[in-house]
Each structure stands twice: as C-alpha cells, then as structure tokens.
Amino acid sequence: MKKGSIRKALCRKPQMSASRTASPMSPVSSSTRSPSPLSQQTSPSACKSVERRHQQLDITAENVEAAFEYKFQKDENGIGPGVRYITEPLIKGLSKQGNLACISSLNLSSPKDADKKFKYIENLEKCSKLETLSLSNNQIEKIEKLDKLMKLRELNLSCNKISKIEGIEHMQSLQKLNLAENDIEHIPVWVGKKLRSLRILNLKQNKVSSVSDYS
C-alpha cells in the first residue's frame, strides 16, 4: 500500500453505523423523555372526577341539612318524638287564619293518650284578640306568657301539672278559669281581688287544703 493511501485511511473519521443502538447510559432524547410527576398538569378527565367528588360531598352535606330541617319541622308540628311546641305556623294551621291578631278562639288541647303534648305556653303574644284558649290534657307546669291576652274570657288549663296560680293577675276580662286536675295547693288572695270579671273557677281534683284565702 502506498504511503498516501495509508495516511488518508488513518485521518478518516470513523462513522457510526445507523443500526447501532444507544448505550443504556446515554441521555434520552428530550422528545422521548417522560414528564416528571411534579411537572404534569391535571388532565381534564381528572378535574371532572375531582369535581364530581366535590359535588357528591356537597349533596351529602345538603341531605344532612335537609334531614335536620325535616326533623326540626316534624318536632315543630308535633309529629316527631319529644315535647310538642306551640309555634306560629302551628297556630295558623289549627285556626286556619293567616293573621294571628284575628284569632278569637284557639284549641290547643291534646288527646289524653297522645304521645306528644305541650309543656310550655309560648308564641301567643300576637293573638291580641283571643277570647277563648284551651290547653287541657298537656304537660304544662307553669302559667306564663299570657300577659298580652287582655281580651281573654275563658282559659282552660285542666289536666296539666300546674302547681301555682300565677301569670293571670292582669286578666280583667277573664270570666271562666278551669284548673281542674292539677297540682295546686294554694289559692292566692289576689284571685278574688284582681280578677273582677271571674265567675267560674274550677279547682276540682287538686291539692288545695283550704279556700279561706279566696274571697
């Protein structure tokens, strides 16, 4: 071989075969590199899935709230277990009168075998024209919150758990008071002095030992 051809052969750069595969340690092309989990963006499908889960949680919370409101409403209307409460919607429903100030007669007595009975006298302040009120066969322990019923003529509180005559001193129009079958032991002096219009007082089956204070 000639010296010139040998020199050309030594100076020629080796060419990599096209079929040669990259070394396992060689860097991977950026076009084929898998994205890092931190650099990944949430796909639309994943966003929808998260949104659906949030909606399900919202619906669940809404159902719980609705269930609570339903239970409360049941209690307010005297359907659910526990004490029955006197509310304005209940009064309107029983009297079939939307304006409380127009109600003249109201019957809130309970059946003797009822599972749920009234324990408190309440929410009657707006019934300013009420003349007749019945609350017999309940669990009432105290006569209260009747000071706004200035026109009341008949009050029936028989078959309750009342132990004291009170809260009716101002009732100048009261003519008939039924307190039979309670736990009353004493008749205060003011009953005969302040209740000038009182004509009938029923105290049968109470614990009254003397009526000497009543005149």
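Please go through the range 112-141 and pick out each residue that is among the polar types (S, T, N, Q) and either open to solvent by 80 Å² or more (accessible area, probe 1.4 Å) or in contact with a Cys (Cβ under 7 Å, 6 or more places away or on another chain) (or both).
So the first thing to find is which residues in the range 112-141 are among the polar types (S, T, N, Q), and the list is 123, 128, 132, 134, 136-139.
Listed by number, the residues that qualify are Ser136, Asn137.
Looking at the range 108-133, I want the residues that are on the phi > 0 side of the Ramachandran plot and have a partner that is surrounded by fewer than 19 Cβ atoms within 10 Å (Cβ to Cβ) and in a loop (DSSP other than H, G, I, E, B) with Cβ atoms under 8 Å, at least 6 apart or on another chain. Which pairs are those?
From the range 108-133, the pairs are Asn123/Thr87.
Among the residues of the range 172-182, write down those that are at negative phi, at pLDDT 95 or above and over 33 Å from the mean Cα position of the chain (by Cα).
Within the range 172-182, Ser173, Leu174, Gln175, Lys176, Leu177, Asn178, Leu179, Ala180 meet the criteria.
Among the strands (runs of 3 or more DSSP E) contained in the range 115-215, which hold 1 or more residues that are closer than 21 Å to Ile91 by Cα?
Of the strands (runs of 3 or more DSSP E) lying wholly inside the range 115-215, those with at least 1 residues that are closer than 21 Å to Ile91 by Cα span 132-134, 154-156.
Considering the range 89-124 alone, what residues qualify as being of a type outside the set (Ser, Thr, Tyr), in contact with an Asp or Glu (Cβ under 8 Å, 6 or more places away or on another chain) and under 17 Å from Glu154 (Cα atoms)?
Hit for the range 89-124 is Ile121, nothing else.
Filter the range 90-114 for residues that are closer than 17 Å to Lys151 by Cα and either touching a strand residue (DSSP E or B) at 6+ places or on another chain (Cβ under 8 Å) or part of a strand (DSSP E or B) (or both) and give the result.
Ser104, Ser105, Leu106, Asn107
Any idea which residue in the range 183-203 is nearest to Asp147 (Cα to Cα), counting only those that are exposed (fewer than 12 other Cβ atoms within 10 Å of the Cβ) and modelled with pLDDT of 95 or more?
Out of the qualifying residues, it is Ser197.
Among Glu144, Glu166, which is open to solvent by 30 Å² or more (accessible area, probe 1.4 Å), without any contact (Cβ under 8 Å) to a residue 40 or more places away in the chain, farther than 20 Å from Tyr85 by Cβ and not β-branched (Val, Ile, Thr)?
Unique residue meeting the criteria: Glu166.
Results for (1) more than 20 Å from Asn160 (Cα to Cα); (2) surrounded by fewer than 15 Cβ atoms within 10 Å (Cβ to Cβ); (3) modelled with pLDDT of 95 or more, shown as yes or no for each residue.
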{"residue": "Ala66", "(1), (2), (3)": "yes, yes, no"}
{"residue": "Val83", "(1), (2), (3)": "no, yes, no"}
{"residue": "Lys96", "(1), (2), (3)": "yes, yes, no"}
{"residue": "Leu100", "(1), (2), (3)": "yes, no, yes"}
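The values are calculated or read from the model by the stated rules, or taken from the named source; none is laboratory data. This one's a predicted model, so the numbers in the text were calculated from it and none came from an experiment. Positions of Cβ are generated from backbone atoms using ideal geometry, with glycine treated the same way; all protein chains shown enter the neighbour counts. The protein model used for the area step is the full one, side chains on, heavy atoms only, and it has no ligands, DNA or RNA in it. Shrake-Rupley method; radii C 1.70, N 1.55, O 1.52, S 1.80 Å.
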